[in-house]
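Read the structure below first, then the notes.
The values are calculated or read from the model by the stated rules, or taken from the named source; none is laboratory data. Because the structure is predicted, anything quoted here is derived from the model rather than measured. Positions of Cβ are backbone-derived with ideal geometry, glycine not excepted, and every protein chain shown enters the neighbour counts. Note: accessible area is taken over every heavy atom of the protein model, side chains too, but ligands, DNA and RNA are not part of it. Shrake-Rupley method; radii C 1.70, N 1.55, O 1.52, S 1.80 Å.
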Amino acid sequence: MHYWVKASPSDFSGTLPKPRSGHSAVNIGNSKVVVFGGLVDKKFLSDIAVYDIDNKLWFQPECTGNGSNDQVGPSPRAFHIAVAIDCHMFVFGGRSGSKRMGDFWVLDTDIWQWSELTSFGDLPSPRDFSAASSFGNRKIVMYGGWDGKKWLSDVYVLDTMSLEWTELSVAGSLPPPRCGHTATMLEKRLLVYGGRGGGGPILGDLWALKGLIEEENETAGWTQLKLPGQGPSPRCGHTITSGGHYLLLFGGHGTGGWLSRYDVYHNDSIVLDRVTAQWKRLPTGNEAPSARAYHSMTCVGSRYLLFGGFDGKSTFGDLWWLVTEEDPIVKRLFSTSPNDLPQNKDLTTLNEDSSSAQESEQDSQGRHNAVEELGKSLGITISFSNPGLPVVGEMEDKEFLNLAYSLSEVEPSITGRVTQIEAAQALRKHWSNSNPRLIPLKELGPLLRDYQRLITHKYFTNDGPQSEFITTSLPGKDAYQFYHINSFRQLRMDDIPKLLAEYNQLLPD
């Protein structure tokens, strides 16, 4: 399980980078993250912001350098490529206003010195929205982009020692031209995903390019990959970040369908598992940051760091951590102090609603006790009717079923398809094995409804909602204290372990 945690002021010292999108962010070894350029409010940027990982410090270095026009470093730009090799960050292309760039720079991050490079060979045309990756610890491969007139599908390889560009001749079928895609080296292949294709459609295809490693003596060629699992929807402006045994895809934007002119921005997290070669949804225990595209995502130790981006209206300057459940900063999400939870609206609401819910329960219980006493004094039995809480069946609870099908532990039956019953059983097994302190917020609603559904199945006859009031009529009078809660937002944090314990008692053996 992973969690999104909004960065706290205590996480960093120094001056945080300004909001932006279309910027680049690269890892320099395990010591630094270097952010360059970008766009905010139609203003193109050329500044550098550096995160010193060891010292947890953001700073803006004083860079030196001398370009062909006597400038210190690259002119302001966005949607360029930036690739790190050792302590150097190589920058090519991008856009400033309506102008596509074709200049080539390197930043030495040991001495913070820019150098404009005079390159040789088959020079790439000026472009933006291209994508690139390093390989062999000395070469860079760049694919595609937009030159202002047409979408591109060319492949260039740069040798950073000789500064020679070579256009790679690729045999066979080619991917459709595109821009706004990602290009990531995985083992000996370049993986390209998504982007905006020629004519404007948003793409959702995955391609692998072989033939980059000279020692392999392979003929360069593209292969379209169609991997199993829950793959991402078509998109561009997303990120793919390598971490551990998988690649993590986050965000980007697509369209609302072929009849819609509106962009749809994403905040989902999907992994490409390198071991099993399949797509998987990354299980996250709380709400993700706002949907966005043209952001950056970098690895910082075992964490991912998300910065910036654009959602069609606003440019972001927020910083978020994506961490595993073992990470100590996850405890912020489960603190009862509202000051510790600015990033999680659901949790804050959970605590805010709890006091009024508790008062309501106390009032209701008081009325029931008074009616009981009246019945005793009259020598009659008075039952309470269910106040009309709707109990939806498993097969009609779409949120419950969608959650069940999203679980990786759901295995297909012998027919090759997962039935609704199998999915429901897998979800209930998942909850029975869950840590109550780590139940994701998005699962609390379906969990509460299924708890109420199991009680109804176990104790009520066909009378359904008109059966006797559960807390006064069932064995163990107060055994199921959450049956009449209308929303999970009425729960307190310390109610969740109790709810899960009662839920486990209701599950069939």
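Quick notes on this structure:
- Selection from the range 80-128 of residues that are outside any loop (DSSP other than H, G, I, E, B), farther than 17 Å from G38 by Cα and touching an Asp or Glu at 6+ places or on another chain (Cβ under 7 Å): H88, E116, F120, G121
- W222 meets all of the listed conditions (1) in contact with a Pro (Cβ under 7 Å, 6 or more places away or on another chain); (2) in a loop (DSSP other than H, G, I, E, B); (3) open to solvent by less than 30 Å² (accessible area, probe 1.4 Å); (4) not aliphatic (A, V, I, L, M) but one, namely (2).
- Residue in the range 3-12 that is within 24 Å of the chain's Cα centre (by Cα) and over 25 Å from S242 (Cα atoms) present: yes
- The range 490-505 residues that are aliphatic (A, V, I, L, M), paired with ones that are open to solvent by 60 Å² or more (accessible area, probe 1.4 Å) and not in a helix (DSSP H, G or I) (beta carbon under 7 Å, 6 or more apart): M493/T336
- Single match in D128, D103, D122, D86 (criterion: without any contact (Cβ under 8 Å) to a residue 40 or more places away in the chain and among the acidic types (D, E)): D103
Condition check ((1) at pLDDT 60 or above; (2) crowded, with 19+ Cβ neighbours inside 10 Å; (3) in a loop (DSSP other than H, G, I, E, B); (4) in contact with a Gly (Cβ under 8 Å, 6 or more places away or on another chain)) across all residues:
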position	(1), (2), (3), (4)
E422	yes, no, no, no
P446	yes, yes, no, no
N462	no, no, yes, no
T472	no, no, no, no
N486	yes, no, yes, no
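- K188 of a type in the set (K, R), touching a helix residue (DSSP H, G or I) at 6+ places or on another chain (Cβ under 7 Å) and more than 22 Å from G204 (Cβ to Cβ): yes
- Matching residues in the range 27-42 - criterion: being assigned to a strand (DSSP E or B), open to solvent by 20 Å² or more (accessible area, probe 1.4 Å) and within 23 Å of S242 (Cα to Cα): N27, K32
- Across the range 225-242, the number of residues qualifying as open to solvent by 70 Å² or more (accessible area, probe 1.4 Å) and within 30 Å of R303 (Cβ to Cβ) comes to 2.
- R95 vs. criteria open to solvent by 30 Å² or more (accessible area, probe 1.4 Å), in contact with a strand residue (DSSP E or B) (Cβ under 6 Å, 6 or more places away or on another chain) and either of a type in the set (D, E, K, R) or within 30 Å of K226 (Cβ to Cβ) (or both): yes
- Hits in the range 420-457 (condition: closer than 15 Å to M395 by Cβ and charged (D, E, K, R)): E422, R428, R449, D450, R453
- Any hit, the range 311-326, residues being in contact with an Asp or Glu (Cβ under 7 Å, 6 or more places away or on another chain), modelled with pLDDT under 95 and on the phi > 0 side of the Ramachandran plot: yes
- Complete set of residues in the range 7-26 that are part of a strand (DSSP E or B) and open to solvent by 50 Å² or more (accessible area, probe 1.4 Å): S13, G14
- Check on G38, touching a Lys or Arg at 6+ places or on another chain (Cβ under 7 Å), at positive phi and at pLDDT 95 or above: yes
- Qualifying residue in the range 152-162 (condition: within 23 Å of G73 (Cβ to Cβ), without any contact (Cβ under 8 Å) to a residue 40 or more places away in the chain and open to solvent by 40 Å² or more (accessible area, probe 1.4 Å)): yes
- Within the range 43-59, residues that are closer than 13 Å to A25 by Cβ and open to solvent by less than 30 Å² (accessible area, probe 1.4 Å) reach partners that are aromatic (F, W, Y) and not in a strand (DSSP E or B) with beta carbons closer than 7 Å, at six or more positions or on different chains, in the pairs W58/F12.
- Selection within the range 299-310: residues that are surrounded by fewer than 20 Cβ atoms within 10 Å (Cβ to Cβ) and touching a Ser or Thr at 6+ places or on another chain (Cβ under 7 Å). The member of this set that is modelled with the lowest pLDDT is S302.
- Positions within the range 146-166 being of a type in the set (S, T, N, Q) and either assigned to a loop (DSSP other than H, G, I, E, B) or within 22 Å of Y294 (Cβ to Cβ) (or both), in sequence order: S153, T160, S162
- Subset of the range 167-201 (residues that are part of a strand (DSSP E or B), open to solvent by 50 Å² or more (accessible area, probe 1.4 Å) and of a type in the set (A, V, I, L, M)): A171
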